[in-house]
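Here's the structure we're looking at; comments come further down.
The values are calculated or read from the model by the stated rules, or taken from the named source; none is laboratory data. Everything quoted here is computed from the prediction, not taken from an experiment. FYI the Cβ positions are ideal-geometry reconstructions off the backbone, even for glycines, and counts take in every protein chain you see.
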Amino acid sequence: MISYIFDDSLKESGTSVILHVETNDLHNPKCIQITVISADTKQILFDSLVQCKDYISPFATQIHNLSKDDLTNAPDPSEIFNEFFSVIENKNIVCFNADFTTEALYNTFNSFEMISKLHQERFYCLMYIYCDIHRRKSVKLSDISHEETTGEKDVAFQGCIAVSHVLDQLIINQMFAPK
């Protein structure tokens, strides 16, 4: 389930994780890197490259600097699912673009059992929440996080940190918002 509304559970300590993925393409995306951090401590809880048999578009490589060569020894999605799922299970899962992220996860973990487990979790779409609060039609993460990517191959972690900065801003704004 995807939530497009800011809710107070996002403010509670220990209840939320931030998930960021890098994918092979924007169309029919499959994850090639998945990172999850604690929303509170920013500690990495899960970080893995993911084997992808599909083509990696030059546009995607330009964004995340990952190529097929980087995935040579990456684990198959089925090998990492249980560890990944144990980190996100029963947490508020905050993503910048939850629609895109969940599509990539469903395409990557494409067994009925894995998808049905993911489908039971609660994802928050920070992009829509931000746009709703700030009355904007659209926004890019790089425009609102003020985080610069280094061009290294840890772009999913950098994405998590950028999302955490936006989430922290929204929490502060909500704490001081008129009731």
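Just one of the numbered conditions (1) without any contact (Cβ under 8 Å) to a residue 40 or more places away in the chain; (2) not in a loop (DSSP other than H, G, I, E, B) is not true of residue 51; which one?
(2)
Could you say which residue among 56, 32, 37 is crowded, with 20+ Cβ neighbours inside 10 Å, touching a helix residue (DSSP H, G or I) at 6+ places or on another chain (Cβ under 7 Å) and assigned to a loop (DSSP other than H, G, I, E, B)?
From the options 56, 32, 37, the qualifying one is 56.
Filtering the range 44-67 down to residues that are farther than 20 Å from residue 106 by Cα and among the aliphatic types (A, V, I, L, M), which residue is farthest from the chain's Cα centre (by Cα)?
66
Results for (1) in a loop (DSSP other than H, G, I, E, B); (2) at pLDDT 85 or above; (3) under 17 Å from the mean Cα position of the chain (by Cα); (4) surrounded by 14 or more Cβ atoms within 10 Å (Cβ to Cβ), shown as yes or no for each residue.
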site: 69; (1), (2), (3), (4): no, yes, no, no
site: 74; (1), (2), (3), (4): yes, yes, no, yes
site: 79; (1), (2), (3), (4): no, yes, no, no
site: 85; (1), (2), (3), (4): no, yes, yes, yes
site: 100; (1), (2), (3), (4): no, yes, yes, yes
site: 129; (1), (2), (3), (4): no, yes, yes, yes
site: 147; (1), (2), (3), (4): yes, no, yes, yes
site: 151; (1), (2), (3), (4): yes, no, no, no
site: 157; (1), (2), (3), (4): no, yes, yes, yes
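Being within 22 Å of residue 126 (Cβ to Cβ), in contact (Cβ under 8 Å) with a residue 40 or more places away in the chain and of a type in the set (A, V, I, L, M), is that true of even one residue in the range 64-81?
For the range 64-81, residues within 22 Å of residue 126 (Cβ to Cβ), in contact (Cβ under 8 Å) with a residue 40 or more places away in the chain and of a type in the set (A, V, I, L, M): absent.
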